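The values are calculated or read from the model by the stated rules, or taken from the named source; none is laboratory data. Computed from a predicted structure; not experimentally measured. With ideal geometry, Cβ positions are generated from the backbone for all residues, glycine too; neighbour counts draw on all protein chains shown. Side chains are part of the model used for accessible areas, which takes the heavy atoms of the whole protein and leaves out ligands, DNA and RNA. Shrake-Rupley method; radii C 1.70, N 1.55, O 1.52, S 1.80 Å.
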Amino acid sequence: KLTPAVSVFRRAAGCRLAAATNAEVPVPWSRFSAWLECVCVVTFDLELGQAIELVYPHDVKLSEKEKTSICYLSFPDSYSGCLGDTQLSFRLRQSVGRSSSWFGHEDAYNRDAPVTLQKEHAHFHGYVYFRQVKDASVKRGYFQKSLVVVSRLPFVNLFHSLLQVIAPEYFEKHEPCLETVCNEIDQWPAPVPGQTLNLPVMGVVMQVRIPSKVETPGGSPVKQPQTEPSLTAALIDLHVIRCFQSVLIHVQMLWELMLLGEPVVVMAPSPTVSSETVLALVSAIAPLRYCGDYRPYFTIHDSEFKEYTTRTQAPPNVILGVTNPFFIKTFQCWPHIIRLGDLKMSGDLPKQVKVKKLTFLHKDKAFIKRLLKGIQKKRPSEVQSAILRRHLLEQTESFILPLERYLESLMPLQRSMSPWKTPPQIRSFSQDEFMKTLEQAGPQLTLKGDWTGLYRRFFRSPNFDGWYRLRHREMIQKVECLHLEAICAADLLTWTKDKSEVEIVDLILKLREKLMRARKHQLPVKEELLERLEQSIQTIISSLPEDLQTLLHRQ
């Protein structure tokens, strides 16, 4: 099972003391906030309904709107009939004006992490462990409580594994236990892509690896020896075969809906199925980031309920996971509806999948047959999931490859870089020009269909906009790096020999600005290159009269 390896061992009493002695004293809760925003306890109050009983750390500032959303999203609705323990996920919009409590490390983490694992700027992810058991001592006859982990990080499997360790203990021992857990999390190392991290909590160590952006995505667990537990697998291997099994023959069409950022409603029998399926859908286009909105679990109490259910305009680009039968009528005008499991609403919605005519590609019948044969032969679900995940990954990569090749052609040539001139511009993206390249460099797949129509529709989607903005920013940085390399390779001191003091000072100021920008934006250039440039600046300053040297050293 591809989850973060959880190995149990007791730590020596002096370990933390030794680490604290050797390290700098951290800002209170700085390490905690690198992973989590807060931990909440939501209970059912007879007079108030769902209410937040506790937030930890105590000084975390949640707006009233955020508190209300967390309350309603942390309890399954009454139609789900969840008895015992239930785990689910949600995603909610942050209040306007809120800033990250992890500001200092945010850029460094997102720079090195794959886009699908990056920290959210405008949304929180919630991970819930809900318990409902009979209890004669309670007026309603039931004990109902949720322990909720709120984070900006989309580490679904890690945080659900964390809840499996701490929630049962918390329900027995209450607040002192939670305070201990939060203090332990505040000792965790920062989440650094490319490193294997040991995360101790309550005598258990969760060992996880966050992949870096430069690693090859989607290594198959069938072919690769698992020497280290991978958080990529833990995050995206949401048992996709289980999520899609009842709609397996439509998997090609679901991939297209996600690629194009179409409005989709997932009607499920429980918040667990709802949230798992929405997250599996969103991850179906990895390594592309899904740039539309998505709500793994959505209720009628949600603050965006009116916004998403209005009939005066077309449905927004959002995927909603719902369990309340009320939504059957509310969303009947939506173009794409997926119905899962044995919902108590079958009479109203005869079709399992209702999709407006949209598909551009033909079904891959051979692949679907392979998966169905695997079900008949009782092939392990982990293997089935890996096969499906690999298929979707290859399909997305094949779709993106022609776009990547075209982007490369827009870059200025390295030989056109002059250290004495402003770097040349990147050519503009032309959809028509790109379409002409498809004849020679189209997707390398046997899948037949209207690829041109699919690309044209993709250009109108939020996923293209998000992908292009990111890639264009990376291209600008690449040009900056090439220009820096050209400057460092030039003989700057010789160039200054026949120049006026004004021209030399102007060069020094421009080089300093370039150096500062490279460090501020953490451009992917070697530090030795920047040090060489700094040395060149100092050498040029040394060649100037003393009064100018003094002036420049003061700046």
- Task: On a 0 to 90° scale, report how tilted helix 156-173 is relative to the longest principal axis of the chain, with both axes built from alpha carbons and the result rounded to the nearest 10.
- Result: 50 degrees
- Query: Roughly how tilted is helix 175-185, in degrees to the nearest 10 and between 0 and 90, from the longest Cα axis of the chain?
  - Reply: 30 degrees
- Roughly how many percent of the accessible protein surface of the chain is carbon and sulfur, given a 1.4 Å probe and a whole-percent answer? 53 percent
- Task: Give a quick list of trypsin sites (Lys or Arg not before Pro) in the range 366-436 that DSSP marks as loop, anything other than H, G, I, E or B, with at most 12 other Cβ atoms within 10 Å.
- Result: K377, K378, K421, R427
- Per DSSP H run of at least 4 residues, take -39500 (n - 2.57); add these up for the chain, divide by its residues and hand me the 222 nm value, nearest 500 deg cm²/dmol. -13500 deg cm²/dmol
- Item | Largest-first ordering by accessible area, 1.4 Å probe, given options H58, H521 | H58, H521
- Once Lys and Arg get +1 and Asp and Glu get -1 on their Cβ, which of V353, S275, P168 lies farthest toward the positive end of the dipole of the chain? V353
- Item | Student exercise, the chain dipole from Lys, Arg, Asp, Glu Cβ charges, in Debye to nearest 20 | 2180 debye
- Task: Would you mind counting up the charge near C38? Only other residues with Cβ under 12 Å from its Cβ, with Lys and Arg at +1 and Asp and Glu at -1.
- Result: 0
- Rounding to the nearest 20 debye, state how big the charge dipole of the range 491-554 is about its Cα centre with +1 on each Lys and Arg Cβ and -1 on each Asp and Glu Cβ. 360 debye
- Query: So which trypsin sites (Lys or Arg not before Pro) in the range 483-555 pass both tests, a DSSP loop state and at most 16 other Cβ atoms within 10 Å of the Cβ?
  - Reply: K497, K499, K526
- Considering the alpha-carbon set of the chain alone, what are its Rg and its Dmax in angstrom? 27.1, 93
- K139: which lysines have alpha carbons under 27 Å from its alpha carbon, excluding same-chain residues fewer than 8 sequence positions away? K67, K173
- Message: Could you work out the percent of alpha carbon pairs in the range 409-489 separated by over 17 Å, rounded to a whole number?
- Response: 59 percent
- Message: Once ligands and nucleic acids are excluded and a 1.4 Å probe is used, how much of M475 is accessible, expressed in Å² to the nearest 10?
- Response: 10 Å²
- Query: Roughly how many nanometres apart are two label points built 7 Å out from the Cα toward the Cβ at M475 and K65?
  - Reply: 3.6 nm
- Query: Which is the longest part of the chain that has none of the GluC sites (Glu not before Pro) sitting in a DSSP loop with at most 16 other Cβ atoms within 10 Å?
  - Reply: 305-555
- Residue farthest toward the positive end of the dipole of the chain, with Cβ of Lys/Arg at +1 and Asp/Glu at -1: which of S543, P316, Q395? Q395
- Item | Filtered trypsin sites (Lys or Arg not before Pro), the range 37-75: DSSP coil and at most 12 other beta carbons within 10 Å | K61
- If you take the square roots of the eigenvalues of the alpha-carbon gyration tensor of the range 491-554 and sort them as a ≥ b ≥ c, do you get rounded (a/c under 1.5), prolate (a/b over b/c) or oblate? prolate
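Using only alpha carbons, build the gyration tensor for the range 246-467 and give me the equivalent ellipsoid semi-axes, biggest first, whole Å.
36, 23, 15
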- Task: Take a quick pass over the range 368-496 and tell me how many lysine pairs come in under 20 angstrom between Cα atoms, counting only ones 8 or more apart or on separate chains.
- Result: 5
